[in-house]
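Beneath this line is the structure, given in structure tokens, with notes to follow.
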Amino acid sequence: MICAVAVLFLSACGTEVAGRQASASPTGPIPWTIAEPSAVTGALLADGGRTVLLEAQVPSGERPCVRDLKAVLTDPVQDLVRVQITFYSPSGDRRSGCTKEKVATARVRLPVPLGSRELVVDHDTLFTADGAKLPALRLCGELGCTPPATGCTTASYEQALIAVDAPAHTYRDSEKCDGKWLVMDFSWRTGPACGDSSGTGCSSRLGDRWFFRAEKKGWVPIAEGAAGGCRDVQRREPEFPASLCESLAPLSPSLHPSYPPASASPSPS
């Protein structure tokens, strides 16, 4: 009897060992945890703008991978409508088999029609009815729902940097622009994070030069090159105006180094 009681007592302790909780057994039950979709790709209005149907990327597999999918308002409706999508899933554990994704729809009822308000889903995905083919809403881009018009402006130059996937914290060194064509030199720091330090190791930089053409969607990159003058761009786009490129100096080799192919190893004698 004493042994039986001891066995029951020890089994009731679960995974508690020496005053701390042991890690879950690789053969134990797979936990379901709360999660958000990896992306929200579409939004559709219904009921006169009072209901929004949201298309979200959620885990998928041979067994059930999602439950309690829901979309809720996180703030009172004002200039923006803020919504969060959540669900429960075992996908955090690969044993669940939930290693693929599928599209699922979450529904949220608004207290008032969406109207001209922008819809913000999960903090960083924006939709708008402005310029959309209703009842579908338009998914906004990295520059928001109303990106800057292409032109010789700071906001427009930032769009050009995004178009060439410039590194984070890039500095614009120079621009030559006439509204239809643009050439931009930019650079970024490399090495350790130095804050405001002026040490030698903190001034190391790399850089690049890109040429752009204005289109309806913004600045479109057409050529890249470190050489001076117009050769690099006019070889790709003969119409690029010489007035914007003929005075360009070559980029410094330290800013835009070249890496020639390694020479062949000498053959053994």
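Straightening the chain between LYS70 and THR86 buys 5.2 nm, computed as 0.36 nm per residue apart minus the Cα-Cα spacing.
The solvent-accessible area of HIS256, taken with every protein chain present and a 1.4 Å probe, is close to 50 Å².
Applying 0.36 nm per residue to the separation of ARG94 and ASP178 and subtracting their alpha-carbon distance, the gain on full extension is 24.8 nm. Spin-label model, GLU62/LEU143: points 7 Å from Cα along the beta carbon direction are separated by 4.8 nm. On full extension, the segment bounded by THR170 and CYS152 gains 4.7 nm, given 0.36 nm per residue less the C-alpha separation. With the highest mean first, a sort of the peptides 130-136, 83-89, 230-236 on other beta-carbon atoms found within 10 angstrom per residue produces 83-89, 230-236, 130-136.
The values are calculated or read from the model by the stated rules, or taken from the named source; none is laboratory data. Computed from a prediction, not measured in an experiment: that's the story for all the values here. Glycine also receives a Cβ, built like all others from the backbone with ideal geometry; neighbour counts cover every protein chain displayed. Ligands, DNA and RNA are excluded from the accessible area calculation, which covers all protein heavy atoms including side chains. Shrake-Rupley method; radii C 1.70, N 1.55, O 1.52, S 1.80 Å.
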